Amino acid sequence: MKIVVGLGNPGGRYAETRHNIGWMVLDRLADRAGWRGRGRERDASAVAMGRYRGLDLVLARPLTFMNDSGIAVRKLLARERAPLSELLVVADDFSLPFGKLRFREGGGAGGHNGLRSIIEELETERFSRLRVGIGEPDRHAVDHVLSRFAPDEQDRLGELIDAAADAVEAWAREGTGKAANRFNMFQLRPADPSRTAPPGEVDGPPGPDGIRRLKTGWRRVRRPDEPG
């Protein structure tokens with residue numbers, strides 16, 4: 001039995017945010033398996049499970065909110081009596097450019113509160129995770145992860161989610177190492193320039209004055225040659 005946990009926050013206000021891309025990947029897998037709407041709530045998670053293309057899979061979305069994701073993961077592993085080697089956590093990562101995928105077999109939380117909670121609850125960092133790049137923040141990290149994707153990213157989001165779902169399937173069949181060899185070099189197609197906001201527009205690049213316009217206001221972007 002392979003257990004895949006997608007991290008995110010419950011509630012409509014978070015549904016399309018960057019922080020919920022783990023849920024989006026699990027939804028894509030559930031759609032492929034024909035399990036959408038067939039899951040149930042248990043152990044602080046929304047869980048769908050069954051046999052898919054020769055794989056015995058459990059797809060779980062913690063309902064605890066991100067900062068307490070570890071509670072749901074601990075309960076899920078206890079119920080299934082599964083070893084850590086059968087667990088994969090899918091999480092967003094703002095240290096990766098949008099569209100990048102990275103498998104790791106362990107390591108720290110990297111500033112991700114959901115991963116930190118899982119590490120604390122399981123008392124180990126030794127579990128596999130698939131990190132999905134959501135782009136580096138140009139403002140406070142919390143504002144970034146709870147924001148929605150820009151138009152040029154939205155155009156390519158479906159392709160990224162498909163690739164991440166393919167990566168999860170590869171992990172379930174081949175293990176973390178082989179899946180990493182296949183997907184850590186994944187390249188999403190470039191953005192369509194016509195869908196990139198021009199300088200001065202919301203989420204566009206800085207204008208000549210160094211001011212970038214955001215949904216939450218304006219921010220002056222420091223030039224690389226400026227003193228810190």
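Things worth noting here:
- Filtered residues of segment 117-153 (kept if in contact with a helix residue (DSSP H, G or I) (Cβ under 8 Å, 6 or more places away or on another chain) and either more than 29 Å from Arg189 (Cα to Cα) or of a type in the set (S, T, N, Q) (or both)): Ser117, Ile118, Ile119, Glu120, Glu121, Leu122, Thr124, Glu125, Arg126, Phe127, Ser128, Ser147
- Taking segment 79-139 and the strands (runs of 3 or more DSSP E) fully enclosed by it, the elements with 2 or more residues that are open to solvent by 20 Å² or more (accessible area, probe 1.4 Å) are at 101-104.
- Any pair with Cβ under 7 angstrom, 6 or more apart, that starts in segment 59-83 at a residue that is farther than 19 Å from Gly8 by Cβ and among the small types (Gly, Ala, Ser) and ends at one that is open to solvent by less than 20 Å² (accessible area, probe 1.4 Å) and modelled with pLDDT of 95 or more: Ala82/Ile3
- Evaluation of Lys75 against (1) open to solvent by less than 40 Å² (accessible area, probe 1.4 Å); (2) more than 18 Å from Thr176 (Cα to Cα); (3) assigned to a helix (DSSP H, G or I) (one fails), failing number: (1)
- Selection of first residues in segment 108-119 that are within 8 Å of Asn67 (Cα to Cα) and of second residues that are buried (at least 20 other Cβ atoms within 10 Å of the Cβ) and of a type in the set (Gly, Ala, Ser), restricted to Cβ pairs under 7 Å at least 6 apart or on distinct chains, gives the following pairs, ordered by first then second residue: Gly114/Ser69; Gly114/Ala91; Ser117/Ser69; Ser117/Gly70.
- Some residue of segment 29-44 being free of Cβ contacts under 8 Å to residues at least 40 places away in the same chain and within 17 Å of the chain's Cα centre (by Cα): yes
The values are calculated or read from the model by the stated rules, or taken from the named source; none is laboratory data. This structure is a prediction, so every number in the text was calculated from the model and none was measured. Note that each Cβ is placed from the backbone with ideal geometry, even for glycine, and that neighbours are counted across all protein chains shown. Protein only, heavy atoms only, side chains kept; ligands, DNA and RNA dropped before computing areas. Shrake-Rupley method; radii C 1.70, N 1.55, O 1.52, S 1.80 Å.
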